[in-house]
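Read through the structure below, which is laid out as structure tokens, and then see the notes.
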Amino acid sequence: MKTLGGKIKLLRLQKGWSQKDVAKRLEISIPAFSKIEIGITDINFSRLNQIAELFNLPTVQLLADESDEIKDYAKEVNAITKKLRQREEEIIDLQKKVIQLYEQLYQN
């Protein structure tokens, strides 16, 4: 499981931002932000919300255990897979109807 600071660092790197960039956006010093990433400083709820907003994420996603995230993604994937199977069955049924109509049209 990644630490909160590790998640924040990963998000920062994904955006291509430096610690200076993020610190400036949060209106804190670079060393203060560095301590957040390293895990030396505890983050209060207000700062946590500010960081979540900066990365356009729900606050709970920053706090979520990765195993919870994986379970959520697995549920989403399963739901989408089920919908895809239903759509594939609908397509097959429609194709059968088109073939039947085509055959009826050309038999007359």
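Ordering 13, 94, 60 by the projection of their Cα atoms onto the charge dipole of the chain, which places +1 on the Cβ of Lys and Arg and -1 on the Cβ of Asp and Glu, puts 13 at the extreme positive end. Using Cα springs under 10 Å in a Gaussian network model of the chain, which residue among 23, 79, 64 shows the largest mean-square fluctuation? Ranking 23, 79, 64 by mean-square fluctuation puts 79 first. Only alpha carbons enter this Debye calculation for the chain, each as an equal point scatterer, and the log10 of I(q)/I(0) it gives at q = 0.21, 0.22, 0.24 Å⁻¹ is -1.07, -1.14, -1.27.
Maximal additional length on extending the residue 15-residue 56 stretch stands at 13.6 nm, based on 0.36 nm per residue less the C-alpha distance.
Less than 11 Å from a label point 7 Å out along the Cα-to-Cβ axis of residue 48: which backbone N atoms in region 1-39 qualify, by residue? Output list for this probe position: 4. Rounded to the nearest 10 degrees, the angle from helix 4-15 to the longest Cα principal axis of the chain is 70 degrees.
For the cross-link pairs 7/75; 7/35; 75/96, the ones whose C-alpha atoms lie over 24 Å apart are 75/96.
Taken together, the values in this text are just the output of simple stated rules run on the coordinates, not laboratory data. Not measured: the values here are computed from a predicted model. Methodologically, a virtual Cβ is constructed for each residue, glycine included, from the backbone with ideal geometry; neighbour enumeration extends over all protein chains shown.
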